[in-house]
Amino acid sequence: MGEVWRARDTRLDRSVAIKVLPRELAQNTQFKVRFEREAKAISQLNHPNICTLHDVGEEKGTSYLVMELLEGESLADRIEHGPMPLVDVLRYGIQIADGLDRAHRAGIVHRDLKPGNVMITRSGAKLLDFGLAKSSGAHVVEPPPPDSETELRADMTNRTPLTAEGTIIGTFQYMAPEQLEGTPADTRTDIFALGAVLYEMATGRRAFQGKTRTSLIAAIVSAQPPAITNVQPLAPTALDHVISTCLAKDPDDRWQSAHDVAQELRWIETSGSAVPAVAHRSSRLWMALVAVGLIGALVLAALYVRERSRAEEPVSFSIIAPRGYSIDFQALSPDGKAVVFIASNSAGEQSIWVRRLDSVDAVRISDAAPGLNSLFWSPDSKWIGFYDRQRIMKVSVQGGAPETICSNCVSYGVGAAWGNDGTILFAPRFAEGLFRVPASGGVPVRVTSIDASRRETLNGYPSFFGDGDHFVYLVRTVADVKSDIVCGSLSTKTKVLIGKADALVGFWKKNLLFVRDGAMYGQPFDVAAMKLTGEPRKVLDNIFYDEDSASSGATVATNGALLYVPSTNWQRKTEVGWYDRGGRMVGKLFDDVSVGGLALSPDDSRIAMAKVDPRKGARDIWVYDINRGVRTKVTSGLSNHANPTWTPDGQRIIFASDGDGMYDIYSQPDDGTTSPQPVWKGGDDKHPMSVSRDGQTLLATLFSATTRGDLWTVPLNGQGKPAPLIASEGSEGDAAFSPDGHWVAYASGQSGKEEIYVRAFPSGRSVQVSVDGGHNPLWSTDGSEIYFVTSDANQFAASFRGSGGVPELGKPELLFHGSRTMTLWIPSHKPGRYLGAVRSAPEEIDVINFTTGWTEKLEH
């Protein structure tokens, strides 16, 4: 009754599927009603195993639904290749049942469940086509069709539903007896169809067959399909029981909910009950198997008695980042069966990946975007929470469209925890405090506040105890690099100082785990008294912790599995100096462990940089005098300051600061003698990029929840307001004015891949500079070249001439093969000399470790 088209959502920069009801069918009231019914049904459903509805509308008489685009194949196509492996039958069967259960709980009966209405995607099974769905309170009956072999042949395809006028709604092969008899359908009608689908998945053949429609109806109403163990001898008897109960003729004899079916399938999957029915074929074989089983049981019992005093052998292995990516954040699921991590490519695009521990490959479950942060799991290991710029989001571990929990509630986030009652506890930024928000969505409520009298700079990295009420978090003060461990309670608002640590890991059983001086310790915790007891025990060495941010990145599962980053990955010493055109150092200036965002003054005499103060865990702007070797701190306070940019006269520094929650832009003298003056305040995050030669205009990038980044101009003379300069469908980031101020070079993802472009200022046609990707564009001091870095960190230069508003560009020339250790490369006024910063070892995480067995040190 509809056509489905692949389309592009240009507003949100994503691929979607558009389902269209053709105009000729829209004239038919029945089709129109069913189409509207589908929209209403799906709009009530939000589940990882149900295709997501994004929008609905009508354009020039054509009704349409905008839906999630699913890459994969239908279950019908999969079954065409024969019976499915038991592991897939159980996996997809559970997911289909879960999706069906969600619909039923919303009062929706599908009425057309069949293999053609299930898509198998990379993230799992997805239910489709709710066009025949009805509210469980509605009553829709249509008379049966005439017995026609031609009509039956058309109906036998499990892709095409019977929708002709005068037919029973649905597809015959999967209809329950009560549907065929014209009685009202309820949720148990879908259970029957689910059984028929499971039967077909396990055997590769339909449960009910007939040469004519009449014989097919007779089989459904009165006949029993062959047991799946007769068709597939190795199928487990428990699965046969589940399916035969689904296919009971009387609805009262079936499973009474899809949830029951899902639970039974999970039991088969995890309990070891998938015993092949072939064992029952021969009593002699059966007796032999029993004898072997008894002998085996005795042997195992003897081994257990002998070995029970020995600790479980530890398991340790490393998880490597996908090719071309580094790992930014990682977290182990509470059940210890999966790892989620955020991976970044060299262009700064981030995406969320899940690696199940029973698989060798990680699966990407989110689209690429910048600004992702702070991963945390739901207690049932089914959902993943994360920060996406100003939002807290969640996404199913199976993938699908992320859901917003709250908007404009975070800046960059300093940890989060998901409690058993559905409460999410989070810190929106440094120097703020903790807040709580329901995982279902809502308005955040403050839980803790920064104590100014103690000069606190951080309340963050919360972790819930098993009771869902008590939690611990870190409190940092200006006076001490070590952080306080504080215990709190959601119900009593009590706060108790219980110890000190560099970072928190979480709870395992009744032990608090924390990092101190590069090692992980465990110490018993008395939740009733809200205090640590006994002595801390070192359980693991070589645990990474970041002194600047007080984070460890380690997480522990309830089964004692631990995920952590080895400290050897984080030797972050940065060496700053002068380099020649071939990328070779010709003069060292200084080194540091926590500098970034360097900017060279117009006269080459000073370097502005952002440097982390470990006492407050936030960055300040500093100025380094190259000739005297003296450093001066420019900014102060508890806020983060970043992206320093010089004015053309070299007297002031323009930078971003998050003092009001989001990043705003300020200006301050380079000696820090006066307070910063606002340049652009309010709204979403924004960062300065470059100032025109006349000092009148600032280029800045504006980030928001609805755009990855647009390029704006900001007047610096107090006249006029900020205005968008370049806002394509892609993301605009790095940008730089030419020395004469007549041109702008910038990076944009408008083509689907980040490339370098140049255009006249204030208006003109954009021309692509790079050939195979690029970012961080910079001009030579005479304006004759545009420099940029490719995704593989190689440094290029393209010759440039501009006359009459038309750029003349040369082919990009490779200057040197770089590496991820070189973080910037800035041309100076001295020909052939460039300011560079190189890390002595990669900052990016490319390996994370998984281990078990360490709990023995706490248990004994």
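From Asp541, Asp546, which residue is open to solvent by less than 30 Å² (accessible area, probe 1.4 Å), out of contact with any Phe, Trp or Tyr (no Cβ under 6 Å at 6 or more places or on another chain) and within 25 Å of Gln330 (Cβ to Cβ)?
On the way: Asp541 fails: open to solvent by less than 30 Å² (accessible area, probe 1.4 Å).
Checking each option against the conditions leaves just Asp546.
I need a count of the residues in segment 356-396 that are open to solvent by 40 Å² or more (accessible area, probe 1.4 Å), out of contact with any Gly (no Cβ under 9 Å at 6 or more places or on another chain) and in contact (Cβ under 8 Å) with a residue 12 or more places away in the chain.
Looking only at that region, the number is 7.
If a residue must be open to solvent by less than 60 Å² (accessible area, probe 1.4 Å) and at pLDDT below 80, how many such residues does segment 792-822 contain?
Here the count works out to 6.
Please give the number of the condition Ser551 fails out of (1) of a type in the set (Gly, Ala, Ser); (2) closer than 30 Å to Asp782 by Cβ; (3) crowded, with 18+ Cβ neighbours inside 10 Å.
If we test Ser551 against (1) of a type in the set (Gly, Ala, Ser); (2) closer than 30 Å to Asp782 by Cβ; (3) crowded, with 18+ Cβ neighbours inside 10 Å, just (2) comes out false.
Mind counting the residues in segment 55-101 that are open to solvent by 40 Å² or more (accessible area, probe 1.4 Å), aliphatic (A, V, I, L, M) and closer than 22 Å to Leu234 by Cα?
Residues in segment 55-101 being open to solvent by 40 Å² or more (accessible area, probe 1.4 Å), aliphatic (A, V, I, L, M) and closer than 22 Å to Leu234 by Cα: 2 in total.
Identify the residue in segment 433-475 that is more than 21 Å from Val496 (Cβ to Cβ) and assigned to a loop (DSSP other than H, G, I, E, B) and, among all such residues, is least open to solvent (accessible area, probe 1.4 Å).
My answer is Ala439.
Where in segment 719-777 are there strands (runs of 3 or more DSSP E), lying wholly inside it, with at least 2 residues that are acidic (Asp, Glu)?
The qualifying strands (runs of 3 or more DSSP E) are 732-737.
What about Gly468, is it within 29 Å of the chain's Cα centre (by Cα) and over 28 Å from Tyr564 (Cα atoms)?
No, not satisfied.
Do you know which of the residues in segment 5-15 that are open to solvent by 90 Å² or more (accessible area, probe 1.4 Å) and more than 14 Å from Asp55 (Cα to Cα) is nearest to the chain's Cα centre (by Cα)?
Looking at residues that are open to solvent by 90 Å² or more (accessible area, probe 1.4 Å) and more than 14 Å from Asp55 (Cα to Cα), I get Arg6.
Can you pull out the residues in segment 498-527 that are among the basic types (Lys, Arg) and either farther than 18 Å from Ser549 by Cβ or touching a Gly at 6+ places or on another chain (Cβ under 9 Å) (or both)?
Across segment 498-527, the qualifying residues are Lys509, Lys510.
Across segment 191-231, what is the total count of residues that are in a helix (DSSP H, G or I) and more than 20 Å from Ile94 (Cβ to Cβ)?
13
Okay, residues lined up against (1) at pLDDT 80 or above; (2) open to solvent by less than 40 Å² (accessible area, probe 1.4 Å); (3) over 16 Å from Ala76 (Cα atoms); (4) of a type in the set (S, T, N, Q):
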residue: Val109; (1), (2), (3), (4): yes, yes, yes, no
residue: Leu113; (1), (2), (3), (4): yes, yes, no, no
residue: Val118; (1), (2), (3), (4): yes, yes, no, no
residue: Ala125; (1), (2), (3), (4): yes, yes, no, no
residue: His139; (1), (2), (3), (4): no, no, yes, no
residue: Asp155; (1), (2), (3), (4): no, yes, no, no
residue: Phe192; (1), (2), (3), (4): yes, yes, yes, no
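Determine whether Gly596 is small (Gly, Ala, Ser), touching a Gly at 6+ places or on another chain (Cβ under 7 Å) and touching a residue at least 24 places away in the same chain (Cβ under 8 Å). Show your work before the answer.
Numbers: small (Gly, Ala, Ser): yes; touching a Gly at 6+ places or on another chain (Cβ under 7 Å): no; touching a residue at least 24 places away in the same chain (Cβ under 8 Å): yes.
Spelling it out, it is not the case that Gly596 is small (Gly, Ala, Ser), touching a Gly at 6+ places or on another chain (Cβ under 7 Å) and touching a residue at least 24 places away in the same chain (Cβ under 8 Å).
Confirm whether Arg213 is buried (at least 18 other Cβ atoms within 10 Å of the Cβ), among the basic types (Lys, Arg) and more than 41 Å from the chain's Cα centre (by Cα). Outline the logic, then answer.
Details: buried (at least 18 other Cβ atoms within 10 Å of the Cβ): yes; among the basic types (Lys, Arg): yes; more than 41 Å from the chain's Cα centre (by Cα): yes.
Spelling it out, Arg213 is indeed buried (at least 18 other Cβ atoms within 10 Å of the Cβ), among the basic types (Lys, Arg) and more than 41 Å from the chain's Cα centre (by Cα).
Considering only segment 322-345, state which residues are of a type in the set (Ser, Thr, Tyr) and either open to solvent by 40 Å² or more (accessible area, probe 1.4 Å) or modelled with pLDDT of 90 or more (or both).
The answer is Tyr325, Ser333.
Kindly check whether there is at least one residue in segment 527-541 that is part of a strand (DSSP E or B) and free of Cβ contacts under 8 Å to residues at least 24 places away in the same chain.
Checked against the condition, which is being part of a strand (DSSP E or B) and free of Cβ contacts under 8 Å to residues at least 24 places away in the same chain, segment 527-541 yields no hits at all.
If I filter segment 664-717 down to residues being part of a loop (DSSP other than H, G, I, E, B) and open to solvent by less than 20 Å² (accessible area, probe 1.4 Å), which single residue comes out as farthest from Ser601 (Cα to Cα)?
So the first thing to find is which residues in segment 664-717 are part of a loop (DSSP other than H, G, I, E, B), and the list is 670-676, 681-685, 692-696, 703-709, 716-717.
Then keep just the ones that are open to solvent by less than 20 Å² (accessible area, probe 1.4 Å); that gives 685, 692, 704, 709.
Numbers: Asp685: 25, Ser692: 14, Ser704: 30, Gly709: 26 Å.
Among those residues, the one meeting the criterion is Ser704.
What number of residues within segment 476-511 are of a type in the set (A, V, I, L, M, F, W, C), outside any strand (DSSP E or B) and at pLDDT below 90?
2
Which of the residues that make up segment 175-190 are crowded, with 24+ Cβ neighbours inside 10 Å and either touching a Leu at 6+ places or on another chain (Cβ under 7 Å) or within 15 Å of Ala223 (Cα to Cα) (or both)?
Met175, Ala176, Asp190
Select from segment 588-597 the residues that are in a strand (DSSP E or B) and either charged (D, E, K, R) or open to solvent by less than 20 Å² (accessible area, probe 1.4 Å) (or both) and list them in ascending order.
The answer is Lys588, Phe590, Asp591, Asp592, Val595.
Go through Asp620, Asp625 for me and flag whichever is within 34 Å of the chain's Cα centre (by Cα), in contact (Cβ under 8 Å) with a residue 12 or more places away in the chain and either under 19 Å from Glu575 (Cα atoms) or open to solvent by less than 10 Å² (accessible area, probe 1.4 Å) (or both).
Just one listed residue meets the conditions, Asp620.
Of all residues in segment 615-652, which are touching a His at 6+ places or on another chain (Cβ under 6 Å) and assigned to a strand (DSSP E or B)?
Answer for segment 615-652, where residues must be touching a His at 6+ places or on another chain (Cβ under 6 Å) and assigned to a strand (DSSP E or B): Arg619, Asp620, Ile621, Asn643.
Does segment 626-685 hold any residues that are small (Gly, Ala, Ser) and closer than 24 Å to Asp734 by Cα, and which are they?
Selection gives Ser639, Ala642, Gly650, Ala656, Ser657, Gly659, Gly661, Ser667, Gly682, Gly683.
Working only within segment 236-247, note down all residues that are in contact (Cβ under 8 Å) with a residue 24 or more places away in the chain, open to solvent by 10 Å² or more (accessible area, probe 1.4 Å) and not β-branched (Val, Ile, Thr).
Those that are in contact (Cβ under 8 Å) with a residue 24 or more places away in the chain, open to solvent by 10 Å² or more (accessible area, probe 1.4 Å) and not β-branched (Val, Ile, Thr): Ala238, Asp240, Ser244.
The values are calculated or read from the model by the stated rules, or taken from the named source; none is laboratory data. Since the structure is predicted, the reported quantities are computational estimates derived from the model, not experimental observations. Glycine also receives a Cβ, built like all others from the backbone with ideal geometry; neighbour counts cover every protein chain displayed. For the accessible areas, the whole protein counts, side chains as well, though only heavy atoms, and no ligand, DNA or RNA atoms are used. Shrake-Rupley method; radii C 1.70, N 1.55, O 1.52, S 1.80 Å.
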